[in-house]
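Each remark here refers to the structure printed beneath this line.
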Amino acid sequence: MSSTAPKNKPPMAALPTVQPLPDARGATRATRAAPNAAIAVNPRPEGLEALLSLDRDALFFLFRVVWGLVGPLALSYFVWRTAEMKSNQAATGLLYVALVFVLIGELLSSYLTIATGFPA
């Protein structure tokens, strides 16, 4: 059995056309606005002390590490084992749980960066 090309080929006019690139004015406006949108982080030596001090933000830092790093790593093992059992729906649910863990960890990290001036 030989494979043959389909007899009804679409005309070239039906193919999508290439859109022109936007002009340079939009790119320069975006680059001028970008520095204003960034959060200024000033790493100060007292920022690290605030992260590790039990009186200030050590609990938030611990939650950031547990929720944002350790939790997703632990869940990755369970996702792997569940996928090996061919239970894809359960593995997908665990991946969504891991995604929520990562998002919570990133929110805590953003708070710590703003509160202490030290990237967490």
3J(HN,Hα) from dihedral phi, segment 71-80, Karplus parametrisation 6.51/-1.76/1.60, rounded to Hz, x for glycine, proline: x, x, 5, 5, 5, 4, 5, 5, 5, 4
Long-range alpha-carbon pairs in segment 62-120, meaning those over 20 Å apart, account in percent for 34
Taking amide hydrogens as modeled 1.01 Å from N in the peptide plane, which residues meet the under 5 Å criterion relative to Ser53, leaving out close sequence neighbours? Ala58
Amide H partners (placed H, <5 Å) of Gly117, local residues excluded: none
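Read-outs: derived from the displayed coordinates by stated rules, not from any lab. All values reported here derive from a predicted model rather than from experimental measurement.
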